[in-house]
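Enquirer: Sharing a structure below in structure tokens format, with a few things to ask.
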Amino acid sequence: MNPEEALQYKNVGNVLSYFRTVHTFIFDVDGVLTNGELLITEKGKLLRTMNVRDGYAMKKAIDEGYKVIIITGGNSPGTIERLKALGVTEIAYGAKNKMKYYETYIDKYNLDEDGILYMGDDIPDYQVMRRAGLACCPKDAAPEIYELAKYVSPYKGGEGCVRDVIEKVLKLHGVWF
């Protein structure tokens, strides 16, 4: 099955029912909240871009009482500052073992895994996506992640995939606007 066929297949049927139980959103950064590209300055600084609409959706979810957690292998002070400004308080950065952080948050908040939406895009996300109740990915995710996802956003990383999944959950609960 090619990626376009998989996208059409995964986004039909009972998939929307998975969004009804979501109480927690966990996102990777590079390739999900960003387009996965890095701009490297002459002085070696790494720059990323993030989608403003994704940011609005995360803030809206937090304001409505949903947990928003970030687990990323990256370590960008600018990214962390941006996420904190949106109200994200749980940010695991430099996470070489994402499962360890995932389990820490489950224990810390006594989370029901069926209500966790995890969005990742590459191999470091694979194990966590196998555990989360609703594994999601952007449409440009690595093939292994694409196959694993229960929902594939029609948007690429950094281009609205985060807003896509948050908006679905909040609309189902009548709190999008």
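Enquirer: Part of a helix (DSSP H, G or I), within 13 Å of the chain's Cα centre (by Cα) and within 15 Å of V15 (Cβ to Cβ), is that true of V128? Before the answer, list the steps.
Expert: Details: part of a helix (DSSP H, G or I): yes; within 13 Å of the chain's Cα centre (by Cα): yes; within 15 Å of V15 (Cβ to Cβ): no.
No; evaluated as a whole, the condition is false for this residue.
Enquirer: Name the pairs: first residue in the range 151-171 and more than 13 Å from D140 (Cα to Cα) and buried (at least 19 other Cβ atoms within 10 Å of the Cβ), second residue among the basic types (K, R) and modelled with pLDDT of 95 or more, Cβ to Cβ under 8 Å, at least 6 apart or on different chains?
Expert: R163/R53; I166/K60; L170/K60
Enquirer: When you scan the range 1-120 for strands (runs of 3 or more DSSP E) that lie fully inside it, which ones turn up with 2 or more residues that are of a type outside the set (A, V, I, L, M), surrounded by 18 or more Cβ atoms within 10 Å (Cβ to Cβ) and modelled with pLDDT of 90 or more? Outline the logic, then answer.
Expert: On the way: elements: 24-27, 67-71, 90-92, 116-119.
Ranges flagged: 24-27.
Enquirer: Scan the range 70-82 residue by residue and report those that are more than 18 Å from Y126 (Cβ to Cβ) and in contact (Cβ under 8 Å) with a residue 24 or more places away in the chain. Steps first, answer last, please.
Expert: Taking the range 70-82 and keeping what is more than 18 Å from Y126 (Cβ to Cβ), we get 75-82.
Matches in the range 70-82: S76, G78, T79, R82.
Enquirer: Shifting gears a bit: How many residues, within the range 38-60, are out of contact with any strand residue (DSSP E or B) (no Cβ under 7 Å at 6 or more places or on another chain) and in contact (Cβ under 8 Å) with a residue 24 or more places away in the chain? Can you show your working first?
Expert: Within the range 38-60, the first condition is being out of contact with any strand residue (DSSP E or B) (no Cβ under 7 Å at 6 or more places or on another chain), and the residues that meet it are 42-45, 48-57, 59-60.
Remaining after also requiring in contact (Cβ under 8 Å) with a residue 24 or more places away in the chain: 48-51, 53-57, 59-60.
Result for the range 38-60: 11.
Enquirer: Let me ask something else. Can you name the condition, by its number, that V152 falls short on among (1) touching a Pro at 6+ places or on another chain (Cβ under 8 Å); (2) within 13 Å of V29 (Cα to Cα)?
Expert: Every condition holds for V152 apart from (2).
Enquirer: Identify the single condition in (1) over 17 Å from C136 (Cβ atoms); (2) touching a residue at least 24 places away in the same chain (Cβ under 8 Å) that I116 does not satisfy, given that it satisfies every other one.
Expert: Going through the list (1) over 17 Å from C136 (Cβ atoms); (2) touching a residue at least 24 places away in the same chain (Cβ under 8 Å), I116 breaks only (1).
Enquirer: Here is a list of conditions, (1) touching a residue at least 12 places away in the same chain (Cβ under 8 Å); (2) out of contact with any Cys (no Cβ under 7 Å at 6 or more places or on another chain), and A85 meets all of them except one; can you say which number that is?
Expert: Every listed condition holds for A85 apart from (1).
The values are calculated or read from the model by the stated rules, or taken from the named source; none is laboratory data. Since the model is a prediction, treat every value here as computed from it, not as a measurement. Positions of Cβ are generated from backbone atoms using ideal geometry, with glycine treated the same way; all protein chains shown enter the neighbour counts.
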